[in-house]
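J.: Structure provided below as structure tokens; questions to follow.
Rule-based calculations on the coordinates, nothing more; no lab input. Nothing here was measured: the structure is a model prediction, and the numbers come from that model. With ideal geometry, Cβ positions are generated from the backbone for all residues, glycine too; neighbour counts draw on all protein chains shown.
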Amino acid sequence: MSPPMARSSPLLEVRQLEVVYNHVATAVQGVSLEVADRQIVAMIGTNGAGKTTTLRAISGFLPAEDVAITDGTISFDKRPLAGRLPHDISRRGVVLVPERSKLFDTLTVQENLHFNVTRRRREIRDKVFDYFPRLGERTSQTAGLLSGGEKQMLAIGMSLVCEPKLLLVDELSLGLAPIVTEEIMGILQNINRQLGLAMLIVEQNAAAALRVASFGYVLEGGRVVFKGPCAQLMEHQDIKEFYLGGAEGKTRSYRDLRQYARKRRWWG
Amino acid sequence: MELLVSILVLGATHALLAAGIVIVYKASRIVNFAHGELAIVGAYVFYSAGLITHGQSLLLTVLATAAISALFGVAIYVALMRRLVGQPTFVAAMVTIGLAIILKAAIVVFWQSKSVGINLTRQTLYSFPSGGRLTSVDVITIGCCIVFFAALFAFFRHTRLGRQFRGAAENPLLASQRQVNVNLILALAWATAVFSATLAGVLFGSRSMLSPQSTIIGLSGLTAALVGGLDSLRGAVIGGMLVAAATYLTARLIDPALSEAVPFAILLTVMIWRPWGIYGTPEELNRV
Ligand SMILES: Nc1ncnc2c1ncn2[C@@H]1O[C@H](COP(=O)(O)OP(=O)(O)OP(=O)(O)O)[C@@H](O)[C@H]1O
Ligand SMILES: [Mg+2]
């Protein structure tokens, strides 16, 4: 199965990625994925599946971090990314909205948003205020004191100011009310349609992510266990049951789980 | 009045020293134990630059010293500190102690431990009724301090690079993910720190004789930084003034011989009573 827009070579192409923490803990083992231009791709999976690690590997590690890409390739716009520093990768247009510490908490909303606003980028900043009017009302507030939803909006706004060609969004629903998650997902979808900005969205809230994306990957234990167009994934029996809150009337049994594990192996 | 001027002048030097320590600490969580040595080496460089220009062009001497000190700061970062990325910060602190020893040796080698003084034009501008004098050096010292801090605050508040500096100090990974080259920020921090150390050293040298022993002023600077809070520039100013006041009052009212020990006494008191300083943030200490 290949992404629907595979005719031209994809914008982001990850091949057999392997990431190891502290020289011993393999968090991602052989993940391959693709994001085409203008496409929203979802990556779902339970806690510890390796979603954050995958996004962090794409967006680059600092030399001080004890983690390494031990195998595989990452290419963006046909150029290799693996091994580059985060500032280099983000300047090339791959910009991450991290799962945690996504803002400079001691700086104000304005200062966060203006972190790297040049004269040329002022238009984008204005657009951010259009997408997230609530930020405009809080420009002089310290970012650390914003509500969870506002923090997420500011983080996305900051990323947009970096002029991304591909936005990586890590678990935007974390700690947010479902309705706020919905709202922000909707705005991301709008941004995608209006600017044609490609996105790779990582979520535990599978329903929310699969709704806005066109293609999806399911990660487990550092491996891709399912992939396919979102419409197809949403109809998949196992995904329905284990990620979308279970099919009606059926309860999970140990036998189901075992069956599921067997299928998973076959897919992986 | 005379007392106030004396404290302000001494405090300005301490505050400048503390500022350099704070800037490096903010950017990298490294406590720089070589700051006093950097200040005195800077002052010796200024002295030598003055000899080379035959005291003809003060401006040239100042510019040359400023450029050399800033470049030396960058060199320290590139040659020593950048390699310590990922190491615990105490390792870096040990490296700065090593640097201090090397710099002190350099004073012996290059300047033969000569006791020298820096002659800025020293004119009496005002004589106090009690006998003290306000000299041009006093005014220059306080003026330099005010200009330096004003420029620094304006830089941090109102420029993009200043914002990026503060952001990188708080969260280097996020700054990097937002297209900022953290290496450049750190190099800039060291350049500013060594520049301000040199400025403090030159001002110090224009009122007292320079010798390898003068490097002890680093401890006053460190104490001032700790009193104010290692991560607070505002604290550097307040801390510098407090340490100066305590030192000066002890010398005046109790015993001049005792005043040397005052910074150490304050240092110990602060470490026990309020280790994060007046303006510092308590959480910061966990990282030390
Ligand atoms: N800094 C680290 N050092 C060591 N191991 C780590 C580190 N970060 C993550 N891991 C391990 O890597 C594995 C994958 O973690 P990762 O954060 O990528 O999962 P995730 O899919 O993002 O989970 P979640 O949904 O909870 O965010 C986990 O087993 C985790 O314990
Ligand atoms: Mg995660």
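J.: With a cut-off of 18 Å, note down the residues of region A:12-35 whose backbone N falls inside the zone around a label point 7 Å from the Cα of A:Ala64 toward its beta carbon.
T.: A:22
J.: Tell me, what is a quarter of the convex hull surface for the C-alpha atoms of chain B, in nm² with one decimal?
T.: Values: hull surface 61.4 nm².
For chain B, averaging the hull's shadow over all directions gives 15.4 nm².
J.: Nearest-5 percent of antiparallel DSSP beta bridges in the protein assembly as shown? Intermediate results must be reported in sequence, preceding the final value.
T.: Working: 29 of 48 bridges.
Of those bridges, close to 60 percent are antiparallel.
J.: Would you count, across the protein assembly as shown, every pair of lysines whose alpha carbons are under 27 angstrom apart, provided the pair is eight or more residues apart or spans two chains?
T.: 26
J.: If one computes the Cα centroid of region B:13-87 and of region B:117-151, what distance in Å separates the two points?
T.: Using only Cα atoms to place each centre, the spacing works out to 22 Å.
J.: Considering Cα pairs under 8 angstrom that are at least six residues apart, work out the relative contact order of region A:98-163 and quote it in whole percent. All intermediate terms of the calculation are to be shown ahead of the outcome.
T.: Working: 68 pairs, mean separation 32.7, N = 66.
Across region A:98-163, relative contact order equals 50 percent.
J.: Per the Kirkwood formula on distinct C-alpha pairs, the Rh of region B:95-193 is how many angstrom?
T.: It works out to 17.7 Å.
J.: Pop the C-beta distance of A:Ile187 and A:Ala25 into the FRET formula with R0 = 41 Å and round what comes out to the nearest 0.05.
T.: Numbers: r = 36 Å, r/R0 = 0.87.
Between A:Ile187 and A:Ala25 the formula returns 0.70.
J.: Once you have the Kirkwood Rh of region A:100-248 from its Cα pairs, apply Stokes-Einstein at 10 °C and 1.306 mPa s and quote D in µm²/s.
T.: Details: Rh = 16.5 Å.
Translational D for this selection: 96 µm²/s.
J.: Now a separate question. Take every Cα pair under 8 Å in region B:147-201 that's 6+ residues apart, average their separations, divide by the length, and report that relative contact order as a whole percent. Mind showing how you got there, number by number?
T.: Working: 21 pairs, mean separation 9.9, N = 55.
This gives 18 percent for region B:147-201.
J.: May I pose another question? So in chain A, what percent of DSSP beta bridges are antiparallel if you round to the nearest 5? Please report the intermediate quantities before stating the final value.
T.: Working: 25 of 44 bridges.
Beta bridges within chain A, antiparallel portion: roughly 55 percent.
J.: What order do you get for B:Met81, B:Met209, A:Met234, B:Met241 when you list them from fewest to most C-beta neighbours inside 10 Å?
T.: On the way: B:Met81 23, B:Met209 13, A:Met234 17, B:Met241 20.
Going from sparsest to densest Cβ surroundings: B:Met209, A:Met234, B:Met241, B:Met81.
J.: Tally Lys and Arg at +1 and Asp and Glu at -1 over the other residues with C-beta under 15 Å from the C-beta of B:Ala154: what net charge comes out?
T.: My count for the surroundings of B:Ala154 gives +4.
J.: What is the pair-distance distribution P(r) of the protein assembly as shown, computed from all Cα-Cα distances in 10 Å bins starting at 0, with each bin given as a whole percent?
T.: Taking every Cα pair in the protein assembly as shown, the percentages come to 3, 16, 22, 19, 15, 11, 8, 4, 1, 0.
J.: Measure nothing but the geometry: give the 0 to 90° angle between the long axis through the Cα atoms of B:89-111 and the longest principal axis through the Cα atoms of chain B, rounded to 10°.
T.: Between the helix axis and the principal axis of chain B, the angle is about 40 degrees.
J.: Quick check on the exposure proxy: order B:Ser259, A:Ser101 from fewest to most C-beta atoms within 10 angstrom. Before the final figure, lay out each step's value.
T.: Values: B:Ser259 16, A:Ser101 12.
Arranged by neighbour count, lowest to highest, B:Ser259, A:Ser101 become A:Ser101, B:Ser259.
J.: Which Cα, out of A:Gly136, A:Val161, A:Asn112, lies furthest along the positive dipole direction of region A:98-163 (beta carbon charges, K/R +1, D/E -1)?
T.: A:Val161
J.: Projecting each Cα onto the charge dipole of chain B (Lys/Arg +1, Asp/Glu -1 at the beta carbon, about the Cα centre), which of B:Val227, B:Gly42, B:Ala151 comes out farthest on the positive side?
T.: Projecting each Cα onto the dipole axis, the largest value belongs to B:Ala151.
J.: Provide the FRET efficiency to the nearest 0.05 for the A:Thr73-B:Ile52 pair, computing r from the beta carbons and using R0 = 51 Å. Write out the running numbers ahead of the final one.
T.: Values: r = 56 Å, r/R0 = 1.10.
For R0 = 51 Å, the calculated efficiency reads 0.35.
J.: 222 nm [θ] for chain A, helices only, -39500 (n - 2.57) per DSSP H run of 4+, per residue, to 500? Kindly include the intermediate steps, with their values, before the conclusion.
T.: Working: 11 runs with 99 residues, N = 268.
Estimated from H runs of four or more residues: -10500 deg cm²/dmol.
J.: Need one number: the % of Cα-Cα pairs in region A:98-163 sitting beyond the 13 Å mark. Numbers along the way, then the final one.
T.: Working: 1197 of 2145 pairs.
Here the long-distance tail beyond 13 Å is 56 percent of all Cα pairs in region A:98-163.
J.: May I ask you to derive the FRET efficiency for B:Ile272 and B:Ala66 from their Cβ-Cβ distance with R0 = 51 Å, giving the value to the nearest 0.05? Walk me through the intermediate numbers first.
T.: Working: r = 39 Å, r/R0 = 0.76.
Rounded to the nearest 0.05, the efficiency is 0.85.
J.: Report the paramagnetic label zone for B:Lys114: residues of region B:31-71 whose backbone N is under 17 Å from a point 7 Å from Cα along the Cα-to-Cβ axis.
T.: Residues passing the 17 Å test: B:40-56.
J.: What ranking do B:Val9, A:Val24, A:Val202 get, fewest neighbouring Cβ atoms within 10 angstrom at the top? Intermediate values should be presented prior to the final figure.
T.: Values: B:Val9 22, A:Val24 6, A:Val202 25.
Ascending number of Cβ neighbours within 10 Å: A:Val24, B:Val9, A:Val202.
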